[in-house]
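Worksheet: one structure, shown below.
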Amino acid sequence: MSSVPEVTCRTRSKRLPWFFVGAGAAGLILVAARLVITGGPPDWWVLTGLLLMPLGVGGAYAAAVRVHADADGLSYRTLLRRRGARWTDIADVRVNLRRGHHSDIHRVEVVTRGGAVWRLPLPVGPSSEGQDAFDDTVEKLRALHRRHGTPGSAHLVVITHRTAGRGGGLPAVLCALFLVGAALAAWFVPVVAETRLAWTSAAPCSAESAAHDRDCLTTLSSVITRTEVRRGKGSSYLHFADGRPVDRLAVSREGAQGFEAGDRVRLTVWRGQVREVVGEEHAWREHFPAAGEVTVVAALCVLAAGLSGTVIVQRRRGRRLPVDEVMPSSAPFAGAALGTAVWALPYCYRHPTLVPDTHGGLVWAGLGSLASLALAVWAWRATRVRTPGPAPETPDGTPLDDEDVFLPARFLESTDYNPDGFGTHIVLGADGPAVTPHPGPGRFAARPIPVERLVVRTVRRPRGGDGDTVPKGWDVAELDDGDRMIRLTAAPAHLGRILRAFPATDTPGPAGGPGER
């Protein structure tokens, strides 16, 4: 790969982009001819032309986009932009992986010495030729960088949704939106409380107050002409004879099912709207939410904002980590939020103003707050960035027992002792380490590991390039297997015990220092 003279990436199909350009041009001509030349009003021909014009823009972009790299440097162009840099001004060439609907989308990023990050328009993986074509192009770019520049990392940096280099823009937006929702819900709490109190305390209208008092209750009689029951979450309708007091009334599906055409009903009007429909065998009443219900909505928004905020805090805590190092899971914070919801939501429903009005409410709020604080401290400690290192010795002080012990672990590369990545566990015992596709007991289908030819290079935390199959709490050991590097991953305690089973090596210390940003 070091002898790669140059790399050029363009849209694979040369005719298809120009076909779209022609379609867009035809749409523009059609619109101009219909509106300007003939002077006719907009019609289906104009709409067809407007639909064709964006195809022309997309085709022009596909025809113009180009990425080129050679000994002088790397450059790219699109329909509206051109950029380029010499290899000495480029710090790294890395891969950014984003989740798509059907498969992950791989893009190439260039990091300059000044810290700016370019996202190249091409290549995009997986391409029509497969993921191997994308990986081959990336390796050629990195080979040119190694030959004519100074890469900032010896390995391919892969940024995923789990790594420290992923930006926190979306969590910040979600946090802000949830906080706004919580503020709006809190603002509505006194309004909802006042409305519900006014409804429950309303009295029937007298002859003097019926004309000008909207807060009193007016009772009318009517006949239902037909019911309109709709499926799903949409409103159903009751239709009244002669359109009095309204032509139709939106009710729930269950409320409409209880009435039939011809039913005589009594209607209660409050503040200009029908609030009750009472028949001989069925009644519908409008639901006025309690203030506690709205407070619960506000509390849920606050908890959701807190979960989004924990993602931002986690990104902040990992700012000194290498950009491709996998961050600890935020699941402990989700557990803390769930534990808080167990006591906080019922409390908010019973005390809409959040102020305890009884001795029991005060104890409830105090104990719940202490429990939430304890859960937050536990989550903070559980999500701290752990430095990989050797695991403690076994209880009896010996690295291995004679009895077979099955430990969850897996090799990330396919080898002669792990064909097609079939192994899920490593068994340790008197017969030596072996890879097995099961947690035991017995060594059925086990393949012995040739420990005499394996040399442990380093132990590190997971990176984005290790894939999503590596749990966040596991470590990765890099081993030399002849002229090939392979990776073994397991939980820290299990990995240390497995590596001590290799007689030719000692358990190494943690890898590396702070990585590049």
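I'd like the full set of residues that are open to solvent by 80 Å² or more (accessible area, probe 1.4 Å) and at pLDDT 85 or above, limited to the stretch 24-49.
28, 29
Restricting to the stretch 129-155, what's the tally of residues that are of a type outside the set (A, V, I, L, M, F, W, C), in a helix (DSSP H, G or I) and without any contact (Cβ under 8 Å) to a residue 40 or more places away in the chain?
4
Does the stretch 156-163 include one or more residues that are open to solvent by 60 Å² or more (accessible area, probe 1.4 Å) and either part of a loop (DSSP other than H, G, I, E, B) or free of Cβ contacts under 8 Å to residues at least 24 places away in the same chain (or both)? Outline the logic, then answer.
Filtering the stretch 156-163 down to residues open to solvent by 60 Å² or more (accessible area, probe 1.4 Å) leaves 156, 161.
Next, from what is left, pick out any that are either part of a loop (DSSP other than H, G, I, E, B) or free of Cβ contacts under 8 Å to residues at least 24 places away in the same chain (or both): 156, 161.
There is at least one residue in the stretch 156-163 that is open to solvent by 60 Å² or more (accessible area, probe 1.4 Å) and either part of a loop (DSSP other than H, G, I, E, B) or free of Cβ contacts under 8 Å to residues at least 24 places away in the same chain (or both).
Specify the residue that is nearest to residue 265 (Cα to Cα); the eligible residues are those in the stretch 284-295 that are surrounded by fewer than 19 Cβ atoms within 10 Å (Cβ to Cβ) and in contact (Cβ under 8 Å) with a residue 24 or more places away in the chain.
Among those residues, the one meeting the criterion is 288.
Consider residue 278 carefully, then state whether it is over 30 Å from residue 339 (Cβ atoms), surrounded by fewer than 20 Cβ atoms within 10 Å (Cβ to Cβ) and of a type in the set (A, V, I, L, M, F, W, C). Before you say what the answer is, go through the steps one by one.
Numbers: over 30 Å from residue 339 (Cβ atoms): yes; surrounded by fewer than 20 Cβ atoms within 10 Å (Cβ to Cβ): yes; of a type in the set (A, V, I, L, M, F, W, C): yes.
For residue 278, the condition - over 30 Å from residue 339 (Cβ atoms), surrounded by fewer than 20 Cβ atoms within 10 Å (Cβ to Cβ) and of a type in the set (A, V, I, L, M, F, W, C) - is met.
Return yes when residue 57 is of a type outside the set (D, E, K, R) and within 22 Å of the chain's Cα centre (by Cα) and no when it is not.
The answer is no for residue 57.
Given the residues 83, 94, which is the only one that is in a strand (DSSP E or B) and open to solvent by 50 Å² or more (accessible area, probe 1.4 Å)?
Working: 94 fails: open to solvent by 50 Å² or more (accessible area, probe 1.4 Å).
After ruling out the rest, the residue left standing is 83.
Name the pairs: first residue in the stretch 313-330 and in a loop (DSSP other than H, G, I, E, B), second residue polar (S, T, N, Q), Cβ to Cβ under 6 Å, at least 6 apart or on different chains?
Every condition considered, the pairs that remain are 324/163; 327/314; 328/383; 330/310; 330/314.
Going by the conditions given, is residue 118 under 17 Å from residue 7 (Cβ atoms), touching a His at 6+ places or on another chain (Cβ under 8 Å) and touching a residue at least 24 places away in the same chain (Cβ under 8 Å)?
No; evaluated as a whole, the condition is false for this residue.
I'm checking my understanding of the structure. Among residues of the stretch 47-82 that are in contact with a Lys or Arg (Cβ under 7 Å, 6 or more places away or on another chain) and among the charged types (D, E, K, R), which one is nearest to residue 17 (Cα to Cα)?
66
Among the residues in the stretch 266-273, are any exposed (fewer than 14 other Cβ atoms within 10 Å of the Cβ) and under 30 Å from residue 347 (Cβ atoms)?
Scanning the stretch 266-273 turns up no residue that is exposed (fewer than 14 other Cβ atoms within 10 Å of the Cβ) and under 30 Å from residue 347 (Cβ atoms).
Scan the strands (runs of 3 or more DSSP E) fully inside the stretch 403-506 and keep the ones with 3 or more residues being in contact with a His (Cβ under 7 Å, 6 or more places away or on another chain).
Values: elements: 405-411, 425-428, 434-436, 454-460, 475-481, 484-490.
In the stretch 403-506, the matching strands (runs of 3 or more DSSP E) lie at 405-411.
For the stretch 77-111, which positions are without any contact (Cβ under 8 Å) to a residue 24 or more places away in the chain and among the hydroxyl-bearing types (Ser, Thr, Tyr)?
Selection gives 103 alone.
So, in the stretch 219-271, how many residues would count as being part of a loop (DSSP other than H, G, I, E, B), of a type in the set (Lys, Arg) and within 27 Å of residue 202 (Cα to Cα)?
Count: 2.
Taking into account only those residues within the stretch 164-183 that are open to solvent by less than 50 Å² (accessible area, probe 1.4 Å) and either in contact with a Leu (Cβ under 6 Å, 6 or more places away or on another chain) or not in a helix (DSSP H, G or I) (or both), which is nearest to residue 297 (Cα to Cα)?
Among residues in the stretch 164-183 that are open to solvent by less than 50 Å² (accessible area, probe 1.4 Å) and either in contact with a Leu (Cβ under 6 Å, 6 or more places away or on another chain) or not in a helix (DSSP H, G or I) (or both), the one nearest to residue 297 (Cα to Cα) is 168.
The values are calculated or read from the model by the stated rules, or taken from the named source; none is laboratory data. It should be emphasised that the depicted structure is a prediction, and the values quoted were computed from it without experimental measurement. Glycine also receives a Cβ, built like all others from the backbone with ideal geometry; neighbour counts cover every protein chain displayed. Protein only, heavy atoms only, side chains kept; ligands, DNA and RNA dropped before computing areas. Shrake-Rupley method; radii C 1.70, N 1.55, O 1.52, S 1.80 Å.
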